Amino acid sequence: MTKYELEILNIILNSCEHLSADEVYELLKKKYPGVVKATCYNNLNKLTDEGLIRRIVLDNNSCRYDRTMRHDHLVCIKCEKIKDVYLKDMTSSLKKELGVEVESYDLKINWLCPDCIGQYNLNNSLGRK
């Protein structure tokens, strides 16, 4: 594993956020100021392909990166904030229901986060849409 791969892996594993590639790049630059964006993107792809990190693809086709431990996500339909949720593993239920082998699944539950609900309520109280 290269020094860049290792640092990117550490960034993802130690983050409480679901970072974009640009956010990972900015953090990587703090340690390696000479690194180029392509190196960061290539290493994110490699780490994802190797199953060491997880890519979350949002509805607008942007990506965020996360740890691989088993969990699902709530994704705000307004601001795209992502929140981890820990639901019972549904692999065996899906296999039974679908009648096929299920290797894995990625559950993203759409919701409206408290910040966006608050903004929606504020706008409605002010007569805005």
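Tabulated data for the structure shown
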| item | result |
| --- | --- |
| Assigned charges on the beta-carbon of Lys, Arg, Asp, Glu; region 1-69 dipole about Cα centre (debye) | 180 |
| Dipole axis of the chain (+1 Lys, Arg; -1 Asp, Glu on Cβ), positive-most option in 93, 2, 40 | 40 |
| Value of Rg/Rh across the chain [Cα atoms, Kirkwood radius] | 1.06 |
| Neighbour-count ranking [beta-carbon atoms within 10 angstrom, fewest first] of 13, 28 | 13, 28 |
| Fewest-first ranking of 35, 85, using other Cβ atoms within 10 Å as the exposure measure | 85, 35 |
| Cβ-defined net charge surrounding residue 53, 9 Å radius [Lys, Arg +1; Asp, Glu -1] | +1 |
| Mean separation of Cα contacts under 8 Å, 6 or more apart, over the residue count of region 1-69: relative contact order % | 37 |
| Dipole magnitude of the chain, debye to nearest 20 (Cβ charges: Lys/Arg +1, Asp/Glu -1, about Cα centre) | 340 |
| Candidates per GluC sites (Glu not before Pro) in region 1-62, loop by DSSP, up to 11 other Cβ within 10 Å | 50 |
| Beta bridges per DSSP with both ends in the chain, % antiparallel, nearest 5 | 70 |
| Difference of contour (0.36 nm per residue) and Cα-Cα distance, residue 81 to residue 2 | 25.3 nm |
| Candidates 42, 110, 60: whichever shows maximal mean-square fluctuation once the chain is modelled as a Gaussian network with Cα springs under 10 Å | 60 |
| Order of 36, 24, 75, 100 - criterion: other Cβ atoms within 10 Å of each residue's Cβ, fewest first | 100, 36, 75, 24 |
| DSSP-loop trypsin sites (Lys or Arg not before Pro) across region 1-72, with at most 16 other Cβ within 10 angstrom | 67, 70 |
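Every number here is computed from the coordinates shown, using simple stated rules; none is lab data. The shown structure was predicted, so the numbers you read here are calculated from the model rather than taken from an experiment. With ideal geometry, Cβ positions are generated from the backbone for all residues, glycine too; neighbour counts draw on all protein chains shown.
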